[in-house]
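Notes for the one structure printed next.
The values are calculated or read from the model by the stated rules, or taken from the named source; none is laboratory data. The structure presented is a predicted model; accordingly, all values stated were derived computationally and were not measured. Please note: Cβ atoms are built from the backbone with ideal geometry, for glycine as well, and neighbour counts cover all protein chains shown. SASA here: full protein model, heavy atoms, side chains in, ligands and nucleic acids out. Shrake-Rupley method; radii C 1.70, N 1.55, O 1.52, S 1.80 Å.
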Amino acid sequence: MGKWTRRAFIATGITTGLAAGGGVVVGIALRPGNQVKELAPKLGEENGKLVHTYIRIDSDNTITALIPQAELGQGVQTSLGQMLAEELDADWNHFEMEEAPALGEYATYSVGRAFLLAGVDFPDFAIPSIDGAFMRVADSLNLQITGGSMSVRTTGVLAMRTAGAATREMLLQAAAETWKIPVSEITTENSHVMHATSGRREPYAAFASRLADMTPSQLPTFKDPADYKIVGTHKPRRDIPAKVDGSLKFSLDVRLPDMLYASVMRSPVPGASLLSLDDSEARAIDGVTDVVVIPQASVSSMVGETLSTDAVAVVADSYWSANEALKLLKPEWSVTGHESISSDQIFAQFERDIAAQVERKTDRVQGEVETAFSTAARVIDADYHVPFLAHTCMEPLNATAEVRNGSAEIWVGCQNPLGFRRDVAQILGMDPEQVTLHNHAMGGGFGRKARPDYAMQAAILAQKVGKPVQLIWSREEDVRQDFYRPAVQSRFRAAFDADNNLLAWENTYTNKNEPVEAPLIPYAVPTQDIGYVNSPVHVPFGAWRSVDHSQHGFFTESFIDEAAYTAGQDPFEFRVGLLADSPRHLAVLTRAAEESLWSSPLPEGRGRGISLQESFGSIVAQVVEVTVEEGKVAVDRVVAVIDPGLAVAPDGMAAQLESGIIYGLTAAMHGEITIENGAVAQSNFHDYQAVRMREAPAIETYVINSGHKIGGAGEPGTPGIAPALANAVFNATGMRVRQLPLDRFDLDYQAVETGTVG
Amino acid sequence: MSTTFWVNGVQQTVDVDPSKPLLWVIREQLELTGTKFGCGIAQCGACTVQIDGQAMRSCVTPVSAVADKRVTTIEGLAPGNGELHPLQQAWIEHQVPQCGYCQSGQLMSAAALLASNPSPNDDEIDAAMQGNICRCGMYGRIRTAIKSVNNVASATEKKLYYSVAGVNHG
């Protein structure tokens, strides 16, 4: 199968939908009594009933939601559980959540639908057909992705709410038939069905077995949000107690009888193949049982092709022995032709390709660009760039596999369990049904754990060794063999008239990924020309929390700040003047200014900066306060305002904003992967630093439930911190930061010059 | 060669290479997996345990160095009888963990701090917690949770982390 492009996928999806004739029962297609055998354990106790793909009701009236999204820290199982429980009118005190298995029934068709159709709205009558199409395509593509800040707004809105409401309707119907009274006289509350007139009150469990003969509606009636009791309220996360006593089992904590451990390495320069290997010293280490060559393999999925290049692993009775022995291997890697490439050369290439405008493609063109610039009273320009970034999840990549008798089992933490199962099956030469995948809560994901290379390596190791093997990447391997947030360069021009009105905005950047709208601006600038050139590099690309927004948020919100100062206006007021037609953006920005006391004076050496960024369906404004002392920046305070439409789990939303901001702050302050001699120069947290306690600012978050369509939570906090920080530095020092990370610069040194940093 | 030491109040004797780091002895020989591997070079703090009450990075501590010493891991932090350590309770109350992977180490560092300094100020918290990275960025909540244990949080710090405006309209 070739690489799926957005266009190709849509075409296939629609075609399949038409071929299916619109009569497909989806999403909730699984019927009690018709379960595949792997679901049997999910039935729980003897009297438990799987009344719906996503819902089990036990005889003691405990209700369990099977959540098809993975937990990587974001608390998604609690928030999706809230959405289901709300529509089901479930008793939250007797409501449990567990992750659904990696089976086709739990393909996240709704995530794929939303991702691929990019927010296109369909009339209600068409939804069953469209869902049918996507369910089939998602199933056949093994799509079960947690990412793109999608879980609540797709699986939650489209699947969890539907499952809850449809099951409640079936329970009402079952009670009406049993009690022989009209449905309209029956109500539900706290997992009970009630009839006020007769005083009857029965637990849902009393009717669970009757649901077996009923077909759930795909278009049930939803609650009026004004009646919500669970959604939008604070429900403590259910996964947290096991995270404070060490009892939660990450995939790293899997222990199997006769299990061996392995450490792995690839070539320093990406893409090289193994020519020869001297493993004599490694094999001499106590405890080493094997040295295994893992040949290159490639798999494709919706997130792109994953090329897992040649690797060498040492297998031992201890991870420590394996990793110590790994350091003694003497591999000879092939010459790729990239051995002399450095970061400087990559940026020089970007510079050339932007200047040459080779095959420039456009995201948005409006107005007469040439005229605007040629007749302008004033034109400013600026070049920005950002480096490659690694993900550095706290839990290093790992997977445990066992391959025996024509079947395989794998224990892993990943953002696409069905996809990983398919990919592991493919390299083992098996059918997906021969592979059982156990997905664990992840110690961070940030996009890295959507790439299956580490699971594929573990599977090959287990197959070759014939015993269970736990593969753990060293932190050095994790930093040097990532799929990186790309390095990007971005060139801007802006034109003003004689009255300092911003007339035109021109932007050319290198290498476009997702989301498509990331480089666009919300401001009413009459003439715009935003586009990009392709400038390929040998460093592998990966989705990194907020993907293209992570760089474009910094670029566009810094350059609009430059425009404001050029126009001689306050950066907040300048933005306000360009948002007359965007009331939601305006409200978010204004709230941030109010909460931060934007207009209040600051002492010498301190500064304040603002940013506004819509991403993943949510709008975020941030105000950052800094102190610059002896050339170093300290972040004192961050005020963040988000309009996510509705925060399903308000504390979870706040936590995700805090998290996204610190993740972005780490990148803005310290994050830099450099390329030297074709290879990544950094290796661990000593030279790829993260923000720590001392640097972490106080973060205040404000949530505006505007009532608009529900937006994402996991990523929208990240893009706006870098520009708000850089704008605050300008406010404090007069130095314009156009490159990251900040810790490369001595702002004192620069301050005696004029102009910019970088 | 065998090494004898105490883990969570239980005497343990392991027959391993004396240079093997305590982290891997705890995780592999003793199968106590609450202590995590993060970097292997004492840079991230995920492997933090207490050795005779001091917060130490077990990934760079050879097991020979803990002979006859008392090691406490996250599994031994709670006093027992189903009770949690006050910091564990505070972690739940303030919803500190996101992915949770670093939290064993964070808690062991924080518990060592409070044992020697029941009312730490911000600078003391910074110093004690500087070795523990949280890639989910929950530093603000960690700080507040530490301060809440002996009620040294200010009124501002005790307030909600967020404010919600508007109505529930899905």
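Conditions tested, residue by residue: (1) outside the structural domain of A:Ser308 (by TED's automatic domain parsing); (2) under 30 Å from A:Gln656 (Cβ atoms); (3) in contact with a Ser or Thr (Cβ under 6 Å, 6 or more places away or on another chain); (4) not hydrophobic (A, V, I, L, M, F, W, C).
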| position | (1), (2), (3), (4) |
| --- | --- |
| A:Arg364 | yes, yes, no, yes |
| A:Thr371 | yes, no, no, yes |
| A:Thr375 | yes, no, no, yes |
| A:Val403 | no, no, no, no |
| A:Ser407 | no, no, no, yes |
| A:Ile410 | no, yes, no, no |
| A:Glu433 | no, no, no, yes |
| A:Gly447 | no, yes, no, yes |
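One line per residue, one yes/no per condition, for (1) open to solvent by 10 Å² or more (accessible area, probe 1.4 Å); (2) over 26 Å from A:Thr556 (Cβ atoms); (3) facing another protein chain (nearest Cβ under 10 Å):
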| position | (1), (2), (3) |
| --- | --- |
| A:Ser611 | no, no, no |
| A:Phe616 | yes, no, no |
| A:Ile619 | no, no, no |
| A:Asp636 | yes, no, no |
| A:Ala654 | no, no, yes |
| A:Gly660 | no, no, yes |
| A:Ala668 | no, no, no |
Query raised in the report: Is there a residue in region A:677-684 that is touching a Lys or Arg at 6+ places or on another chain (Cβ under 7 Å), crowded, with 23+ Cβ neighbours inside 10 Å and within 8 Å of chain B (Cβ to nearest Cβ)?
Result: no
Query raised in the report: Residues of region A:196-220 being closer than 13 Å to A:Gln173 by Cβ and among the hydroxyl-bearing types (Ser, Thr, Tyr), which ones?
Result: A:Tyr204, A:Thr215, A:Ser217
Requested in this report: Six or more apart or on different chains, Cβ under 8 Å: which pairs go from a residue in region A:226-252 that's facing chain B (nearest Cβ under 7 Å) and without any contact (Cβ under 8 Å) to a residue 24 or more places away in the chain to one that's open to solvent by 30 Å² or more (accessible area, probe 1.4 Å) and assigned to a loop (DSSP other than H, G, I, E, B)? Could you list them?
Outcome: A:Ala226/B:Val167; A:Ala226/B:Asn168; A:Ala226/B:His169; A:Val244/B:Leu84; A:Asp245/B:Ala78; A:Asp245/B:Leu84; A:Gly246/B:Leu32
**Report entry** Test result for A:Thr733, of a type in the set (Ser, Thr, Tyr) and open to solvent by 10 Å² or more (accessible area, probe 1.4 Å)
**Finding:** yes
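Any residue at all in region B:29-46 that is more than 12 Å from every other protein chain (Cβ to nearest Cβ), within 15 Å of the chain's Cα centre (by Cα) and not charged (D, E, K, R)? Show your work before the answer.
Initially, region B:29-46 is screened for residues more than 12 Å from every other protein chain (Cβ to nearest Cβ), giving none.
The answer is no, given that none of the residues of region B:29-46 is more than 12 Å from every other protein chain (Cβ to nearest Cβ), within 15 Å of the chain's Cα centre (by Cα) and not charged (D, E, K, R).
Would you please name the residue that is nearest to A:Leu397 (Cα to Cα), looking only at residues in region B:1-50 that are of a type in the set (Phe, Trp, Tyr) and in contact with a strand residue (DSSP E or B) (Cβ under 8 Å, 6 or more places away or on another chain)? Spell out the reasoning first.
Here is the first cut: in region B:1-50, the residues of a type in the set (Phe, Trp, Tyr) are B:5-6, B:24, B:37.
Next, only the ones that are in contact with a strand residue (DSSP E or B) (Cβ under 8 Å, 6 or more places away or on another chain) stay: B:5-6, B:37.
Numbers: B:Phe5: 31, B:Trp6: 31, B:Phe37: 11 Å.
Across region B:1-50, the extreme among qualifying residues is B:Phe37.
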Query raised in the report: Which strands (runs of 3 or more DSSP E) sit wholly inside region A:324-425 and have at least 1 residues that are among the polar types (S, T, N, Q) and free of Cβ contacts under 8 Å to residues at least 60 places away in the same chain?
Result: A:407-412
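Restricting to strands (runs of 3 or more DSSP E) lying wholly in region A:172-224: which have 2 or more residues that are open to solvent by 60 Å² or more (accessible area, probe 1.4 Å)? Break it down stepwise before answering.
Values: elements: A:186-189, A:192-195, A:200-203.
Here the list reads A:186-189, A:200-203.
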Report task. Could you list, in sequence order, all residues of region B:4-32 that are open to solvent by 40 Å² or more (accessible area, probe 1.4 Å), at negative phi and charged (D, E, K, R)? Result -> B:Asp15, B:Asp17
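Restricting to region A:225-247, give me the number of residues that are among the hydrophobic types (A, V, I, L, M, F, W, C) and surrounded by fewer than 16 Cβ atoms within 10 Å (Cβ to Cβ). Spell out how you get there, then give the answer.
First pass over region A:225-247, keeping only residues among the hydrophobic types (A, V, I, L, M, F, W, C): A:226, A:230-231, A:240, A:242, A:244.
So of that shortlist, the ones also surrounded by fewer than 16 Cβ atoms within 10 Å (Cβ to Cβ) come out as A:226, A:242.
Final tally of qualifying residues: 2.
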Report task. Within region B:33-48, identify whether any single residue is free of Cβ contacts under 8 Å to residues at least 12 places away in the same chain and open to solvent by less than 20 Å² (accessible area, probe 1.4 Å), and answer yes or no. Result -> yes
Report summary line: Here the residues within region A:243-296 that are over 27 Å from B:Gly100 (Cβ atoms) and charged (D, E, K, R) are A:Asp258, A:Arg266, A:Asp278, A:Asp279, A:Glu281, A:Arg283, A:Asp286, A:Asp290
Query raised in the report: Which condition number does A:Arg608 fail, the rest of (1) closer than 20 Å to A:Glu700 by Cβ; (2) in contact (Cβ under 8 Å) with a residue 12 or more places away in the chain; (3) assigned to a loop (DSSP other than H, G, I, E, B) being met?
Result: (3)
Report summary line: Filter region A:307-323 for residues that are in a strand (DSSP E or B) and touching a Ser or Thr at 6+ places or on another chain (Cβ under 8 Å); the one that is farthest from A:Ser280 (Cα to Cα) is A:Leu307
**Report entry** Single unsatisfied condition, B:Gly53 versus (1) buried (at least 23 other Cβ atoms within 10 Å of the Cβ); (2) not assigned by TED's automatic domain parsing to the domain that holds B:Thr144
**Finding:** (1)
Query raised in the report: So which of A:Glu672, A:Glu629 is more than 15 Å from A:Val703 (Cβ to Cβ) and without any contact (Cβ under 8 Å) to a residue 40 or more places away in the chain?
Result: A:Glu629
Requested in this report: Only residues in region A:689-710 that are more than 7 Å from chain B (Cβ to nearest Cβ) and more than 23 Å from A:Ala593 (Cβ to Cβ) count as the first member; pair them with residues that are in a strand (DSSP E or B) and open to solvent by less than 40 Å² (accessible area, probe 1.4 Å), Cβ under 8 angstrom, at least 6 apart or cross-chain, and list the lot.
Outcome: A:Glu695/A:Val635
Query raised in the report: What number of residues in region A:253-291 are away from every other protein chain (no Cβ under 12 Å), touching an Asp or Glu at 6+ places or on another chain (Cβ under 9 Å) and either modelled with pLDDT under 95 or assigned to a loop (DSSP other than H, G, I, E, B) (or both)?
Result: 4
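Could you list, in sequence order, the residues of region B:1-31 that are of a type in the set (Gly, Ala, Ser) and assigned to a strand (DSSP E or B)?
As a first pass, look at region B:1-31 and keep what is of a type in the set (Gly, Ala, Ser): B:2, B:9, B:19.
Scanning region B:1-31 gives a single hit, B:Ser2.
What's the total number of residues in region A:225-234 that are closer than 16 Å to A:Phe95 by Cα, among the aliphatic types (A, V, I, L, M) and either out of contact with any Gly (no Cβ under 8 Å at 6 or more places or on another chain) or part of a helix (DSSP H, G or I) (or both)?
1
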Query raised in the report: Can you find even one residue in region A:81-96 that is over 30 Å from A:Asn513 (Cα atoms), at pLDDT below 90 and touching a Lys or Arg at 6+ places or on another chain (Cβ under 8 Å)?
Result: no
